[in-house]
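Asks: Below: one structure in structure tokens.
Read the figures in this text as sums done on the coordinates, not as results from a lab. Remember, predicted model here, so these are calculated numbers, not experimental data. FYI the Cβ positions are ideal-geometry reconstructions off the backbone, even for glycines, and counts take in every protein chain you see.
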Amino acid sequence: MRSLAAWLALGEERTYLARLEEAILGNEARKKQGLERRPSAIAPERVALEMVDDLGKRAEATARDLAAPGRAALLALAWVSDAARIAGVSPETTKRAQLAAERNRNAALDAALAVIGEALDEANARGERGEAGPSILQRTLQVWAWSGKDEAVEQFLVDRLATIGWELYRARSWDALRATFEPFRLMIDSFAQRVEQDPSRIAFAAPCAQMFVFLTDIEPVPLRKRELAERAVRLCPTHRNGRLNLASLLVDEALAAMGRMIVFARRDDLDRVEGLLKRAETMYPQSSELPDAKAMLERVKRGRIAL
């Protein structure tokens, strides 16, 4: 990062590199090579961008084996904005460097993720995506660490994990679904935080919410199950599966509460149950469990002493 900062500063200053070239070649040498009036091979403002491109080449060259030099290069590319701040360069120079860094990071990450994509496509061609896919996707954890937890890796995971998740869900392979999603909780949570904190990422709200729908389906702890369903709806308030899941959980909670009202029902408990059912109806009016739950609430109201 500091090396980049130095090159950015030199590139914007412009005259130092030209003077250095002249000092090294000398006037006589320049004349002999016909360089007296020819500009430098690289324009001063391009020098720092050449350094950025070199970092990109180093990262891409190690993308398939995820070697440490590539990780260092990727981190340097991620710190271009900091390098520009240290160098004190203009917004125009900063923007050029940022765009070049983003282009090179994307190329390196595409190369690293292509290994996973190719393996998944081959598994799909053999009809083994559901069986082989989860183990193939494990490599995204390594790419995520190698890239410094880059968002592009999270986006790739969510896209490919959804395809496998639906396949296992339709097959009712709950143990396999749980085993597939469990290793990726941190990545999913990281992506969700990005979506929650930045409204411009609205295009990713629904795919991310679907991840939490799957996590809700495999969660054995009721309280945690409700938390996951709530987060799915917060991420994407219009997400059909998220609303359906949450409505079902709200009804289940109401039914469990009414089941505990053996002798009498407290007024505040009845109000809470009524609130749960009203919210469930708001979430998903077509819920098949709602009519029975509402009928049970009426019976409880008639047959219990409210305090």
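Asks: Quick one, can you get me the convex hull of the C-alpha atoms of segment 154-307 expressed as volume per residue in Å³?
Replies: 119 Å³
Asks: How far apart, in nm, are the 7 Å Cα→Cβ label points at Leu141 and Glu102?
Replies: It works out to 3.1 nm between the two label points.
Asks: Not counting the cut sites, what is the longest span of the chain without trypsin sites (Lys or Arg not before Pro) that DSSP labels loop and that have at most 16 other Cβ atoms within 10 Å?
Replies: Result for the longest clean stretch: 173-259.
Asks: If each DSSP helix of 4+ residues adds -39,500 (n - 2.57) and the sum is divided by the residues in the chain, what number results at 222 nm, nearest 500 deg cm²/dmol?
Replies: -25500 deg cm²/dmol
Asks: Please order Cys236, Cys208 by the number of other Cβ within 10 Å, starting at the fewest.
Replies: Starting with the residue having the fewest Cβ neighbours, the order is Cys236, Cys208.
Asks: For Thr140, Thr282, what ranking results if the residue with the fewest other Cβ atoms within 10 Å of its Cβ goes first?
Replies: Thr282, Thr140
Asks: A further question follows. Relative to the longest principal Cα axis of the chain, at what angle does helix 151-170 sit, 0 to 90 degrees, rounded to 10?
Replies: For 151-170 against the chain, the angle is about 30 degrees.
Asks: Between 0 and 90 degrees, rounded to the nearest ten: what's the tilt of helix 267-283 against the longest Cα principal axis of the chain?
Replies: It works out to around 50 degrees.
Asks: How far apart, in nm, are the 7 Å Cα→Cβ label points at Leu20 and Ala203?
Replies: Result: 4.0 nm between the two label points.
Asks: Among (i) 0.98; (ii) 1.22; (iii) 1.02, find the value of Rg/Rh (Cα atoms, Kirkwood Rh) that was calculated from the structure presented, and write down its label.
Replies: After the calculation, the listed value that fits is (ii).
Asks: Here is a follow-up. At 0.36 nm per residue, and after removing the present C-alpha to C-alpha distance, how many nm does the segment from Lys294 to Glu274 gain when stretched out fully?
Replies: Gain on stretching Lys294 to Glu274: 6.4 nm.
Asks: Okay, moving on. Sort Ile116, Ile202, Ile164 so that the residue with the fewest other Cβ atoms within 10 Å of its own Cβ comes first and the one with the most comes last.
Replies: In order of increasing Cβ crowding within 10 Å: Ile202, Ile116, Ile164.
Asks: Now a separate question. If I fit a long axis through the Cα atoms of helix 185-197 and take the longest principal axis of the Cα atoms of the chain, what angle between them do I get, 0 to 90°, rounded to 10?
Replies: Rounded to the nearest ten degrees, it is 80.
Asks: 7 Å from Cα along Cα→Cβ at both Glu118 and Ala43: what's the point-to-point distance in nm?
Replies: A separation of 3.7 nm, rounded to one decimal place.
Asks: Let me ask you something else. Tell me which of Ala209, Gln193, Ala229 sits at the most positive position along the dipole axis of segment 126-238, charges placed on C-beta atoms (Lys, Arg +1; Asp, Glu -1).
Replies: It is Ala229.
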